[in-house]
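K.L.:
The structure that follows is given in the form of structure tokens.
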Amino acid sequence: MTKPVVAIVGRPNVGKSTIFNRIVGERVSIVEDIPGVTRDRIYSSAEWLTHDFNIIDTGGIEIGDEPFLEQIRQQAEIAIEEADVIIFMTNGREGVTAADEQVAKILYKTKKPVVLAVNKIDNPDMREMIYDFYALGFGEPWPISGSHGLGLGDLLDECAKHFPQEDENQYGDDVIKFSLIGRPNVGKSSLVNAFLGQERVIVSNIAGTTRDAIDTPYEYDGHEYVIIDTAGMRKKGKVYETTEKYSVLRALRAIERSDVVLVVLNAEEGIQEQDKKIAGYAHEAGKAIVIVVNKWDAIEKDEKTMNVFTQQIREHFLFLDYAPIIFVSANTKQRVHQILPIVQRVSENHAMRIQSSILNEVIEDAVARNPAPTDKGRRLRIYYATQVAIQPPTFVVFVNETELMHFSYERFLENRIRETFDFEGTPIRLITRARA
Ligand code: GDP
Ligand code: GDP
């Protein structure tokens, strides 16, 4: 599902990151516990009433050594490119500044909806301070206070009015959407060219901002695929596109829209922090994952090399123990033909449904082999389990007391489920609920 994207722009210190954090709330990230895998707080999912959306704090995207005005100009351009709705944030206490006018000037160029927020209106007496902001030309200014959490509901209501109509089944249910994610130069574009069977440039010039234009539909062996965000893989000219945070943001958005994510590594360079960060995100987002080690032609190897590499990957990506690994070369096309069949397979696993009766047999059998843990004399009792969702497969386990379900036992149950059913390539989720 494609969630609407809201981007916050504005000069420094108006309160963008304060508002971002308010809207996002405290999100606990599983992968953040893994050393080196911290999430940049510039992009997150969020909810408001019945709306699910993603939000970007463009202020968090530092653009090289560019001068101040150039930075905010580029951040505003990123917002225009990436967002469905833009929140233009200002500071009510300081009034309209020259820098606000600079931001406005860039935002005039977009047809996308811009919602003007005036922050730091900490109490109702200050409301009259917002009137100057009509002069910016974006209609009604919305008074908010990041520190006091005021006005955010109205602001988000206004944003939600402009959310695009759901384009849910843009590609139909049978179409497998996948993306290739990885650091620059690992060979993503070369791999795409290798799939497509010829050395042609897939998308040379990406005009406009429509989502469709950046995807490449593709048919192989009777199955339909769409390669998501092919454009993001190609090097483009703008300065900010070479910044790391922007490329991560772009990758996160591609992951979001994909069913299957191919995490592409470079055999010559081994595994790097950024690889883990992105793979961690794909895992948390519940996507099917395939690890593709490219440039296999470029390294010296003997009969052990593949095992050694596999072991290293398993050590670095502990949370991805379910992901198949394939060693390929875009240059020589070695094993490239195996990639799409694997994508097909993991995507089926990702959407697999298990009958409750069979699932419960497996759980009962698991409990019989390895009795549920006790804590201070109380024993975990599992009454019943059922699959409640696919993509990723999600199971609810009804128990007597949720606190008695420990991580290690959950892991044990997950492993038993994986031994019985073919969930290769897909994360699975277990949710423990107390039965009333
Ligand atoms: P950013 O640079 O636009 O991301 O701004 P920050 O979120 O870092 O905020 C800049 C400063 O303004 C911080 O000291 C915040 O505590 C403060 N601030 C943010 N929102 C409010 C608000 O609603 N009222 C007041 N009085 N201060 C705020
Ligand atoms: P991207 O930035 O991830 O899209 O990477 P590119 O596809 O642009 O490739 C970066 C560089 O790696 C180019 O010079 C490619 O020719 C080279 N490259 C890509 N795949 C392979 C491969 O399988 N083997 C070798 N030896 N080089 C490759």
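The values are calculated or read from the model by the stated rules, or taken from the named source; none is laboratory data. Values in this document were obtained by computation on a predicted structure and should not be read as measured data. Here the Cβ is made from the backbone with ideal geometry for all residues, glycine too, and neighbour counts use every protein chain on show.
K.L.:
Would you tally the residues in region 127-154 being farther than 21 Å from residue 99 by Cβ and either of a type in the set (A, V, I, L, M) or assigned to a helix (DSSP H, G or I) (or both)?
P.N.:
Residues in region 127-154 being farther than 21 Å from residue 99 by Cβ and either of a type in the set (A, V, I, L, M) or assigned to a helix (DSSP H, G or I) (or both): 6 in total.
K.L.:
Please verify whether region 331-342 includes one or more residues that are farther than 21 Å from residue 193 by Cβ and within 16 Å of ligand 2 (Cβ to nearest atom).
P.N.:
no
K.L.:
Considering only region 107-121, I want to know if a residue exists there that is farther than 17 Å from residue 6 by Cβ and loosely packed, with under 13 Cβ neighbours inside 10 Å.
P.N.:
Scanning region 107-121, I find at least one residue that is farther than 17 Å from residue 6 by Cβ and loosely packed, with under 13 Cβ neighbours inside 10 Å, so the answer is yes.
K.L.:
Report, by residue number, each residue of region 386-416 that is under 22 Å from residue 279 (Cβ atoms) and β-branched (Val, Ile, Thr).
P.N.:
Residues satisfying the conditions are 390, 394.
K.L.:
Select from region 52-65 the residues that are away from ligand 1 (no atom under 16 Å from the Cβ) and either modelled with pLDDT of 85 or more or among the charged types (D, E, K, R) (or both) and list them in ascending order.
P.N.:
52, 53, 54, 65
K.L.:
Looking at (1) modelled with pLDDT of 95 or more; (2) in a strand (DSSP E or B), which is the only condition residue 383 fails?
P.N.:
(1)
K.L.:
Would you pick out the residues in region 64-79 that are surrounded by fewer than 22 Cβ atoms within 10 Å (Cβ to Cβ) and either farther than 21 Å from residue 97 by Cα or in contact with a strand residue (DSSP E or B) (Cβ under 6 Å, 6 or more places away or on another chain) (or both)?
P.N.:
64, 65 - these are the residues of region 64-79 that are surrounded by fewer than 22 Cβ atoms within 10 Å (Cβ to Cβ) and either farther than 21 Å from residue 97 by Cα or in contact with a strand residue (DSSP E or B) (Cβ under 6 Å, 6 or more places away or on another chain) (or both).
K.L.:
Something else: In contact with a His (Cβ under 6 Å, 6 or more places away or on another chain) and not charged (D, E, K, R): which single residue out of 319, 309, 327 fits that description?
P.N.:
Only one candidate qualifies: 319.
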